[in-house]
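Below: the structure, in structure tokens.
Quick note: the coordinates plus some simple rules give every number you see, no bench work behind them. Keep in mind that what you see is a predicted model, and the values were worked out from it rather than measured. Cβ sites come from the backbone with ideal geometry, for glycine too, and all protein chains shown count toward neighbours.
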Amino acid sequence: MGRNPEKLECDLVMRGGITSGIVYPRAIAKLAETYDFRSIGGTSAGAIAAAATAAAQLGANNGDDRFQTIYELPKKLAELKDGKSTLERLFQPQPGTSRLFSLLMSGLEREGKLKKILRIVTTGLANYWCYSIAGAAVTLIPLLWVASASGLSGLPRAVLIIAALILWFVAGEVGRRVGSIYDGTRERAKELVREGNDAPSPELTAMLRSQRGAMLHGLLVLVTLVFLVVMIYKPGA
């Protein structure tokens, strides 16, 4: 059948971005009332929209106009099933990133700030309970120290508070790096099991006994000891 002679022709290029991807379907359908699309392209989310536009335009050229389907796409993607939207069910993580994915998704719910924070904390505890407890302990140590240092005043107190905050950040970063080593080892162990190799692995042993891991463990112990010293020793008190 070819193109509609009553419509104008135009080229269409769409950029990427989540926000742009949301508005594209209905914007395209509206433009299609006036234009036939000739050259169509895009990047990222725009490339997905460009593919759908090209398919719809091909259908329109052959007498099967599908731009109304594109117009209704946001509504269809938002339909809920078992508490999840169609869009959410389309994007599923790999087994190794499922915990991180669930933590990310917990922060995308449309709800009040307090409820969202509680949901993120609950999801974090459910998926990373060991690291969550360790992080809470590291956070509480300087706070307890500040409370115990209330008898100090002036420069000594300021110096110790700054020292506690610095040690807090150092401990947090060291804990993160130690956790990444164990995460990498655990994921590699899962890969070996999926490959049918459940025998003791020299590779995993080497990962757990790496020089970097030992140094980080030693640094974490040292930082913890310094915390204890700072809490107990209060010059000028």
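Model label points for Ala189 and Asp82, set 7 angstrom from Cα along the Cα-to-Cβ axis, are 2.9 nm apart.
Looking at segment 77-119, the GluC sites (Glu not before Pro) that sit in a DSSP loop and have at most 15 other Cβ atoms within 10 Å of their own Cβ are Glu79, Glu109, Glu111. Summing charges over all other residues whose Cβ lies under 12 Å from the Cβ of Pro25, with Lys and Arg as +1 and Asp and Glu as -1, gives +4. Applying a DSSP loop filter and a limit of 13 other Cβ atoms within 10 Å to the trypsin sites (Lys or Arg not before Pro) in segment 48-131 leaves Arg110. A crude spin-label estimate for the pair Glu111 and Gln92, with each label 7 Å from Cα along the Cβ direction, gives 2.4 nm. Residues whose amide H comes within less than 5 Å of that of Leu12, counting only those at least five positions distant or on another chain, are Arg38, Ser39, Ile40, Gly41 (H built at 1.01 Å from N in the peptide plane). Which chymotrypsin sites (Phe, Trp or Tyr not before Pro) from segment 24-107 combine a DSSP loop assignment with at most 14 other Cβ atoms within 10 Å? Those that pass, being in a loop and sparsely packed, are Phe91.
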